[in-house]
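Structure first, then comments.
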């Protein structure tokens, strides 16, 4: 799943830590600046900017990735 892999790469680059499916954004040291950076980098890659609320509502990586994939799919329609 290329979008999920790209989302994982962005998280790992921004947070400077390995990210597993069950990793929690906040437990990895994520904060509002990291959330902004993740959002901007995903927009650069997929032309879909997730609202920050998505990350705060879905801080577990797998949940966030699935929510972002849905946003990308919706935008492609």
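The values are calculated or read from the model by the stated rules, or taken from the named source; none is laboratory data. Given the structure is predicted, the values throughout are model-derived calculations rather than measurements. Note that each Cβ is placed from the backbone with ideal geometry, even for glycine, and that neighbours are counted across all protein chains shown.
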* Asked: Which helices (runs of 4 or more DSSP H) does region 13-77 wholly contain that include 3 or more residues that are touching a helix residue (DSSP H, G or I) at 6+ places or on another chain (Cβ under 7 Å) and modelled with pLDDT of 95 or more?
  -> 32-46, 61-76
* To do: Given the conditions (1) touching a residue at least 12 places away in the same chain (Cβ under 8 Å); (2) within 17 Å of residue 2 (Cα to Cα); (3) under 10 Å from the mean Cα position of the chain (by Cα), report the number of the one that residue 63 does not fulfil.
  => (1)
* Asked: How many residues does region 36-47 contain that are crowded, with 17+ Cβ neighbours inside 10 Å and closer than 20 Å to residue 76 by Cβ?
  -> 4
